[in-house]
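Each remark here refers to the structure printed beneath this line.
The values are calculated or read from the model by the stated rules, or taken from the named source; none is laboratory data. Because the structure is a prediction, the values reported are computed rather than measured. Cβ coordinates were reconstructed from backbone atoms using ideal geometry, including for glycine residues, and neighbour counts include every protein chain displayed.
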Amino acid sequence: MAMIKSALELALERTKDLKIDEAALEASNIKTEGRRAAGKYLEDFGQYDLAKAVKEAKSQEELFRRSACEVLVAQIQLPTGYYDPDRIGLIGSGLAILASLVPGGKDGGGAGAKKQVEGLMQQISAFMEKYLEELKRVEQAIRSQWAPKLREKELKMAARMGQDVRLDPMSDPEFAAFYKQNVEALKNNYSDALERAKQGLKDLLKIPGEGN
């Protein structure tokens with residue numbers, strides 16, 4: 001009777017011809033390190049030497065730099081009620097450092113990219129402030145427009161209950177739906193514009209699109 005092979009022996013036979021793609025593994029590790037470097041830069045409020053970290057990647061410097069760029073660009077989001085200009089400034093400083101390391105070419109490379117990234121980040125910062133101002137204006141307009149209708153509901157409820165009634169507008173389904181519709185439209189418009197600006201940053205930073 002033939003000897004029954006152990007599960008371990010079978011597994012070893014099946015995997016003996018498998019080869020590790022060393023290049024792919026190294027690239028994956030470099031990407032991870034690049035992302036970590038960007039995270040450290042943010043955690044240390046810009047004290048971490050990002051340029052040094054990129055240069056230490058040597059032959060994989062460009063892959064490292066792009067991975068760090070992706071993390072910082074992803075941090076640029078529309079504010080939700082509070083805008084921290086210092087945070088955007090920190091992200092912008094990090095991106096400017098990474099832009100200065102863009103390989104040279106017909107467009108001048110790093111120096112030109114750094115200047116353009118700094119300019120675009122200033123525009124994005126002003127854009128964030130404008131968004132919150134516009135959001136506040138829209139919210140006030142919605143509440144003012146809805147006030148007579150809400151007051152009518154309060155009076156009807158007061159007549160039934162025999163006492164004054166004050167309603168939270170957001171507790172009213174009609175108001176909540178109207179509010180969401182208008183505010184979401186504003187957010188979508190600004191989100192689309194911000195995504196275009198972020199794509200502009202990626203182009204300046206030489207971050208390839210998906211599939212590249």
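Scoring Gln116 on the criteria (1) within 27 Å of Gly209 (Cα to Cα); (2) loosely packed, with under 15 Cβ neighbours inside 10 Å; (3) not hydrophobic (A, V, I, L, M, F, W, C) leaves a single failure, condition (2).
Of the residues making up region 157-174, none is at pLDDT 95 or above, within 30 Å of the chain's Cα centre (by Cα) and farther than 30 Å from Val54 by Cβ.
Within region 64-83, the set of residues being farther than 19 Å from Glu195 by Cα and surrounded by fewer than 17 Cβ atoms within 10 Å (Cβ to Cβ) comprises Gly81, Tyr82. Is there any pair linking a residue in region 38-62 that is under 21 Å from Gly109 (Cα atoms) to one that is among the hydroxyl-bearing types (Ser, Thr, Tyr) and modelled with pLDDT of 95 or more, with Cβ under 6 Å and at least six apart or on different chains, and which? Partner pairs satisfying both residue conditions: Leu50/Tyr41.
Residues are listed down the side, and each one gets a yes or a no for (1) modelled with pLDDT under 95; (2) more than 27 Å from Ala126 (Cβ to Cβ); (3) of a type in the set (Val, Ile, Thr):
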{"residue": "Leu42", "(1), (2), (3)": "no, no, no"}
{"residue": "Ala53", "(1), (2), (3)": "no, yes, no"}
{"residue": "Ser67", "(1), (2), (3)": "no, yes, no"}
{"residue": "Val71", "(1), (2), (3)": "no, no, yes"}
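For Lys198, the stated conditions hold: it is surrounded by 10 or more Cβ atoms within 10 Å (Cβ to Cβ) and within 20 Å of the chain's Cα centre (by Cα).
From the list Leu135, Leu205, the one residue that fits, being within 22 Å of the chain's Cα centre (by Cα), without any contact (Cβ under 8 Å) to a residue 60 or more places away in the chain and surrounded by 14 or more Cβ atoms within 10 Å (Cβ to Cβ), is Leu135. Of all residues in region 43-86, those satisfying the criterion of being among the basic types (Lys, Arg) and closer than 17 Å to Ser100 by Cβ are Lys52, Lys55, Arg65, Arg66. Counting only residues that are at pLDDT below 95 and not charged (D, E, K, R), region 80-112 holds 13 of them.
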